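These notes concern the structure reproduced below.
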Amino acid sequence: MKRIACLAVAVCSVMNAYAADLLDIYRDALVSDSQFTSARAQLEAGKEKGPQGTANLLPVVNLTGNTTYTRTDASLPSERTFAFNGNNYQVQLTQPLFRWQNWVAYKQGALQVGVAQAQFETAGNDVALRAAQTYFDVLYAEEVLASVQALKSAASEQLQLSKRSFQVGTVTVTDVNEAQSKYDLAAAQEIAAQSDLTIKRAALSLLSGKAPQPLARLRPGVQIAPPLPANIEDWASAAEKNNPAVQAQQLTLEIAKRDVEKARAGHLPTVDLVASYGNSHSGNGSNGTSSLSRNNAIGLQLQVPIYAGGLTQSRVRESLALSDKVAADLETQKRTATQAARQAFVGVTSGIAQVRGYEAAVLSGRSAVDSNKLGYEVGVRINIDVLNAQSSLADTQQKLAKARYDTLIAQLKLKAATGTIDTADIEQINELLAR
């Protein structure tokens, strides 16, 4: 029993030490995220447009039947009563031979399935981006909190040092007040950072469907690769062609064009093959006899539209206008996709440059803090110089962290804009995390 208890404690310790990574969060989101679950259900519904379009080309079979009870009371030439049942049923098959609108609807069904698949791909891109964004939001909030706590600790040390220096008369009360102000400000920032971290963790938990847990962090000094190809217009062109939202809109335009064709088909005749089988049985009537008949029929049915009050032509004009609208929406979607690709490309390239700049600035900031501390000790710097150097270093560290995470998100946005994001891209970024 004691060994089992020890084993349980060891397992719990391992579980608590385990840090979830980006790939874990992404996989959890694919299962638990309600938006993606909704998109998956929408895809399943959209796939049914194919069978529905095919159904327009297949025969329709209907069974109709009725039973009637009849009672007749006669008074002349003598009083008498007649009562009987009449039963009828008919099976009718109708096979469309020429209904152009049905053929158009069949082709639209295949296009609508394509729209559903493209929309689902867009939802897949979205859940990948949201998983990465919420993951890095938590990491950034953690780094902000750590930076503020380090600043608070440094401000506390400087406050104690200034108080001791004031007691021996080497500094004025102004130095103590400045140190106290910086410490109080850092304490307030710590509370705000802790609250922000709590909110970011709750958002991640909402996405993954799991309780907040430790997360794997970026490895120190990680290098972010620039986009390939290095030409921004290549990415914009790829986005215009391959963006799933653009592809969905292109298919929607094809559907709208076929709506025009379907409306014009209202002017065309229709031909159906109609076959029926019927059975009619009537009970004893006034003459005391019953009847039974069976009817078999097969033939062609032609219907030629002549005049419908202008309805058909009005539907044609309506469909043409809607087709023009969808064409304009397609152009808007193309521009949006290319703009998103350009913004993401610039976000990656400029982000890499910013990371390099902030990395150098952090090194300089640390040197500035050490120099100002030394200068304070020998009397060539005042307390506020040290405090400002510490605050500047904390701010630069936060900006460096944000630049790194924003650059990684921009990488994914660039892939999403061109419709090429997949699990491999998440895995590639996941390799940058420390295990």
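When residues in the range 24-77 are screened for being without any contact (Cβ under 8 Å) to a residue 40 or more places away in the chain, part of a helix (DSSP H, G or I) and of a type in the set (A, V, I, L, M), 2 of them pass. With respect to Val171, determine if the residue is in contact (Cβ under 8 Å) with a residue 40 or more places away in the chain, surrounded by fewer than 18 Cβ atoms within 10 Å (Cβ to Cβ) and not in a helix (DSSP H, G or I). Here the answer is no, as Val171 does not meet what is asked.
Here is a list: Glu359, Glu318. Which entry is closer than 30 Å to Gln390 by Cβ and in the same structural domain as Lys415 (by TED's automatic domain parsing)? Give the derivation first.
Details: Glu318 fails: closer than 30 Å to Gln390 by Cβ.
Just one listed residue meets the conditions, Glu359.
Filtering Phe84, Phe98 for residues that are surrounded by fewer than 20 Cβ atoms within 10 Å (Cβ to Cβ), over 37 Å from the mean Cα position of the chain (by Cα), modelled with pLDDT of 90 or more and closer than 30 Å to Ser276 by Cβ leaves a single hit, Phe98. The conditions of being surrounded by 14 or more Cβ atoms within 10 Å (Cβ to Cβ) and either assigned to a helix (DSSP H, G or I) or not aliphatic (A, V, I, L, M) (or both) are met by Ser276.
Looking only at the range 379-435, count every residue that is part of a helix (DSSP H, G or I) and either under 14 Å from Gln133 (Cα atoms) or not polar (S, T, N, Q) (or both) and tell me the total.
Let us first name the residues in the range 379-435 that are part of a helix (DSSP H, G or I), namely 383-417, 423-430.
If we keep only those that are either under 14 Å from Gln133 (Cα atoms) or not polar (S, T, N, Q) (or both) as well, we get 384-387, 389, 393-395, 399-417, 424-427, 429-430.
Going through the range 379-435 one residue at a time, the tally reaches 33.
Somewhere in the range 13-28, is a residue at pLDDT 95 or above and in contact with a Lys or Arg (Cβ under 7 Å, 6 or more places away or on another chain)? Yes, because at least one residue in the range 13-28 is at pLDDT 95 or above and in contact with a Lys or Arg (Cβ under 7 Å, 6 or more places away or on another chain). The single condition among (1) in contact (Cβ under 8 Å) with a residue 60 or more places away in the chain; (2) surrounded by 15 or more Cβ atoms within 10 Å (Cβ to Cβ) that Pro214 does not meet is (2).
The values are calculated or read from the model by the stated rules, or taken from the named source; none is laboratory data. What you are looking at is a predicted structure, and each value in this text was computed from that prediction instead of being measured. Note that each Cβ is placed from the backbone with ideal geometry, even for glycine, and that neighbours are counted across all protein chains shown.
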